Amino acid sequence: MAAHAPPGGDIDALIGRYLTYLTAERNLSRFTTRNYASDLRQFFEHLEGTGVSPLSVTRVGFRAYLAALIEARVAPGSISRRTSSVRSFYRWLRLEGVMQDDQLANVRGARQPRRLPHVLSLDDITALIAAADGDAPADMRDRALLELLYACGLRVSEVHGLNIGSIDLEQRTALVCGKGNKERLVLMGEPARRAVDRYLRAARPQLIRARPRRQPASEDRAARASSAGGTASEALFLNRSGGRLSQRRIQLIVRAYALAAGIDARVHPHLLRHTFATHLLDGGAELRVVQELLGHANPNTTQIYLHVTEERQRAVVEQSLDGMAEVERARRALDRERR
């Protein structure tokens, strides 16, 4: 494999350039970029242990790395992610002219069994949202938050980044900034519209008044950096100090109300997104419509919810057949007694 001398002198310089590319040009989040960095460094540690130069790796050498991961009983999902991270990096090296060809272009990771996402029933969703029924500002905020997460199928990062200007209550829409800074328009039902309207009129003004008038310069910069495209005063959902509600806090809020509603399953914001998509398909929505509402670039990503719906329909049919069998057995027993 022919290769040019790496700019910067070593593989760390190339990784640094690549991570900058992921952030600046592909608009990947810092969490995703951090995963790429971790996956690459683990791979290069493996190469160092085998005495292979990062720019001289072959398909056979990479398969040996995958075999080592399998032998170490690394989860198939993790192996698949590491495979994708490494292949993406080497594809970038070829496009940048650092390498003349890409030996890893057709390498595939471990085959993963299909895992269907867990979803909540309509009764569970109703109980979860109803658990936020208080009149305190935080209670009204939480009710609006839960309604939007389910009614619009939002990611936690998306609901965290919502600003007041993102919401149009008259049209019952919200402009959401999704992955890769791609914007999409989502729809909300009447219950969500009422909850958001009540929060904006009766709760949010009280929360924003709780914000300190002046902050130290360092704290003010941190607040701006975490505001996801707007200042804290523009944020839709505020914390008790008047700042933008954090993603971690949103996760804790969802979990707390699930426990209050007596739901045994581990409930998190993304579970509400899964449930939203599945309930839409159960109700007869077209796959393309659900794909657009979720902001999926690839329809295959949305396809899994069809499998969930099929599994649910199969369970209903089987349950009905079991019930019919019980009725038939009881009828035959009654006939025998009458003879």
Every residue from the stretch 260-300 that is assigned to a helix (DSSP H, G or I) and either among the basic types (Lys, Arg) or at pLDDT below 65 (or both)
Arg273, Arg288
Being surrounded by 13 or more Cβ atoms within 10 Å (Cβ to Cβ) and hydroxyl-bearing (Ser, Thr, Tyr) is the filter here; which residues of the stretch 13-31 pass it?
Tyr18, Tyr21, Thr23, Ser29
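Yes/no matrix, rows are residues, columns are (1) charged (D, E, K, R); (2) farther than 23 Å from Leu14 by Cα; (3) surrounded by 14 or more Cβ atoms within 10 Å (Cβ to Cβ):
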{"residue": "Arg63", "(1), (2), (3)": "yes, no, no"}
{"residue": "Ile70", "(1), (2), (3)": "no, yes, no"}
{"residue": "Ala75", "(1), (2), (3)": "no, yes, no"}
{"residue": "Tyr90", "(1), (2), (3)": "no, no, yes"}
Is it the case that the stretch 142-152 has a residue that's in contact (Cβ under 8 Å) with a residue 40 or more places away in the chain and surrounded by fewer than 21 Cβ atoms within 10 Å (Cβ to Cβ)?
no
Every residue from the stretch 231-259 that is touching a strand residue (DSSP E or B) at 6+ places or on another chain (Cβ under 6 Å), small (Gly, Ala, Ser) and in a helix (DSSP H, G or I)
Ala232
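Test of understanding: among Thr23, Thr50, Thr32, which residue is of a type in the set (Ser, Thr, Tyr) and over 29 Å from Gly180 (Cβ atoms)? Write out each step before concluding.
Values: Thr23 fails: over 29 Å from Gly180 (Cβ atoms); Thr32 fails: over 29 Å from Gly180 (Cβ atoms).
The match here is Thr50.
Can you pull out the residues in the stretch 243-260 that are small (Gly, Ala, Ser) and surrounded by fewer than 19 Cβ atoms within 10 Å (Cβ to Cβ)? Break it down into steps so the answer makes sense when it comes.
From the stretch 243-260, those small (Gly, Ala, Ser) are 243, 246, 256, 258, 260; that's our starting set.
Listed by number, the residues that qualify are Ser246, Ala256, Ala260.
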Scan of the stretch 96-140 for residues that are touching a Lys or Arg at 6+ places or on another chain (Cβ under 6 Å), surrounded by 19 or more Cβ atoms within 10 Å (Cβ to Cβ) and modelled with pLDDT under 90, ordered by number
Leu104
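Restricting the search to the stretch 42-58, which residues are touching a residue at least 24 places away in the same chain (Cβ under 8 Å) and surrounded by fewer than 13 Cβ atoms within 10 Å (Cβ to Cβ)?
First, pick out the residues of the stretch 42-58 that are touching a residue at least 24 places away in the same chain (Cβ under 8 Å): 42-44, 54-58.
Within the stretch 42-58, just Thr58 meets the criteria.
Among the candidates Arg338, Arg312, single out the residue that is of a type in the set (Lys, Arg), at pLDDT below 65 and out of contact with any strand residue (DSSP E or B) (no Cβ under 6 Å at 6 or more places or on another chain). Lay out the reasoning, then the answer.
Numbers: Arg338 fails: at pLDDT below 65.
Of the residues listed, the single one that is of a type in the set (Lys, Arg), at pLDDT below 65 and out of contact with any strand residue (DSSP E or B) (no Cβ under 6 Å at 6 or more places or on another chain) is Arg312.
Can you tell me which residues in the stretch 10-60 are touching a Pro at 6+ places or on another chain (Cβ under 8 Å) and among the hydrophobic types (A, V, I, L, M, F, W, C)?
Let us first name the residues in the stretch 10-60 that are touching a Pro at 6+ places or on another chain (Cβ under 8 Å), namely 11, 13-14, 17, 44, 47, 55.
Residues satisfying the conditions are Ile11, Ala13, Leu14, Phe44, Leu47, Leu55.
The values are calculated or read from the model by the stated rules, or taken from the named source; none is laboratory data. Since the structure is predicted, the reported quantities are computational estimates derived from the model, not experimental observations. As a convention, Cβ positions derive from the backbone with ideal geometry for all residues, glycine included, and neighbour counts pool all protein chains shown.
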